[in-house]
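The values are calculated or read from the model by the stated rules, or taken from the named source; none is laboratory data. Computed from a predicted model, the values in this text were never measured in an experiment. Heads up, the Cβs are rebuilt from the backbone with ideal geometry, glycines too, and the neighbour counts pull from every protein chain shown.
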């Protein structure tokens, strides 16, 4: 399987995608779903918390001890990311059609 380098913004989107899917998740679940090593996921989650994209809650009833949820700012970031990805795909498809037409 080829190694794919993701930009930080793609990784943030993967983390937020996990939280959109589950609504709340523990650190291990986020790391697994975002395909990140646990230590790197922890650093990124702390970074995202500091920027107001995520919030951590105590989970007294069960494990994991803490769960994370996306904030409204995090949901807005993820919506903008998806829109930008859609636009990039459209532009790429248009460029390919121009190349095909000129040959």
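Points worth noting:
- Count - residues of region 41-50 that are touching a helix residue (DSSP H, G or I) at 6+ places or on another chain (Cβ under 8 Å) and loosely packed, with under 13 Cβ neighbours inside 10 Å: 0
- When we screen 55, 46 for residues that are at pLDDT 95 or above and in contact with a strand residue (DSSP E or B) (Cβ under 8 Å, 6 or more places away or on another chain), the only hit is 55.
- Taking the criterion of being in contact with a helix residue (DSSP H, G or I) (Cβ under 8 Å, 6 or more places away or on another chain) and either farther than 19 Å from residue 10 by Cα or in a loop (DSSP other than H, G, I, E, B) (or both), the residues of region 56-92 that qualify are 56, 64, 66.
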